[in-house]
Amino acid sequence: MFGLRAVIPFSFWYFLLPFFCYQLFLIFGAIKIKSNFFVDSISEAITTKNEIALTFDDGPSENNTNRILDILLQNNIEATFFCIGNRVEASPELIKRMDAEHHLIGNHSYSHHFFFDLYSADKMKAELLKTNYLIDSLIGKKMTFFRPPYGVTNPNLAKAITQLNFHSIGWNIRSMDTVVKVEQKLLSNIMPKLKPGSIVLLHDTAQITIANLQTIIDAIKAQGFTIVRLDKLINIEPYA
């Protein structure tokens with residue numbers, strides 16, 4: 001370190017440290033969708049009613065999503081599914097079932113690629129339009145709700161969303177159901193954080209969610225909350 005200081009003037013670190021801090025700030029803004037740093041996202045509703053919304057990402061998945069839909073139907077609950085376009089192509093009948101059972105369908109990109117957030121604005125826009133076209137061709141509805149893959153936002157995504165007049169949808173409760181393995185941990189990620197207007201992030205591809213969805217629903221109701229569809233919670237029209 002002392003040798004480095006001999007080569008680089010000490011005053012240089014005064015410039016370098018703010019740069020690193022700024023980069024960390026940008027990273028935080030990109031991965032924390034609730035920050036609204038790059039994109040204004042709706043992550044909860046402003047309400048005093050004991051109402052919350054359940055949202056499911058990353059489907060549809062033939063066996064898994066059908067089981068989720070069965071449980072929701074048994075409980076007379078309407079939820080929101082943010083669907084990946086290439087999975088829509090593989091399971092079009094599930095989209096029709098979601099719509100027939102009055103669930104809301106949102107856009108979750110076409111590929112959900114690991115490097116989606118590095119795409120250009122035009123490439124992002126093309127993915128969103130392709131997914132919208134696929135779902136519109138199945139149910140005759142053009143989606144306006146979009147959830148960014150991994151919840152990551154940046155200026156390119158902001159440009160694409162603005163040009164398409166989409167609403168970016170986040171969450172204020174993340175179940176972590178793609179990583180947790182124990183039912184109690186899943187419940188502890190959700191239940192203590194519930195409040196009026198909460199938007200809960202789940203995945204219809206997660207086995208732990210399928211196995212425990214009825215328990216989650218029962219626990220939510222036991223706390224005095226009603227589960228409503230996302231558009232009703234935030235009072236925004238979901239289709240163009």
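Just so it is clear, none of the values below were taken in a lab; they were calculated from the coordinates. Computed from a prediction, not measured in an experiment: that's the story for all the values here. Virtual Cβ from ideal backbone geometry, glycine too; neighbours counted across all protein chains shown.
Quick look at the values:
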read-out: Value of [θ]222 nm, deg cm²/dmol, for the chain, DSSP H segments ≥ 4, -39500 (n - 2.57) each, nearest 500; value: -14500 deg cm²/dmol
read-out: Footprinting exposure proxy for 58, 218, 204 (fewest neighbouring C-beta atoms within 10 Å first); value: 218, 58, 204
read-out: Spatially proximal aspartates and glutamates relative to residue 34 (Cα-Cα < 14 Å; intrachain offsets below 8 disregarded); value: 44
read-out: For 176, 98, order by how many other beta-carbon atoms lie within 10 Å, fewest first; value: 176, 98
read-out: Residue-span extension gain [residue 237 to residue 141] - 0.36 nm each, minus C-alpha spacing; value: 33.4 nm
read-out: Residue 211 paired with residue 89, simple spin-label distance in nm, labels 7 Å along Cα-to-beta-carbon; value: 3.3 nm
read-out: Two-site FRET efficiency, residue 218 against residue 40, from Cβ-Cβ distance with R₀ of 41 Å, rounded to 0.05; value: 0.75
read-out: Bridge type composition, the chain - antiparallel percent by DSSP, nearest 5; value: 10 percent
read-out: Set of region 75-107 residues, backbone N closer than 16 Å to the point 7 Å along the Cα-Cβ line of residue 226; value: 76-79
read-out: Proximal lysines relative to residue 130, as straight alpha-carbon distance under 21 Å, when same-chain residues fewer than 8 apart are discounted; value: 96, 141, 142, 159
read-out: Alpha-carbon gyration tensor eigenvalues x 5, square-rooted, for the chain, Å; value: 35, 23, 17
read-out: Förster radius 22 Å - calculated FRET efficiency between residue 126 and residue 102, Cβ distance, rounded to 0.05; value: 0.15
read-out: Packing-based exposure ordering (other Cβ within 10 Å, fewest first) of 229, 67; value: 67, 229
read-out: Cα-based reach from residue 49 at 20 Å (exclusive), listing lysines while leaving out same-chain residues under 8 positions away; value: 193, 195, 221, 232
read-out: GNM flexibility winner over the chain from 114, 81, 146 (Cα, springs under 10 Å); value: 114
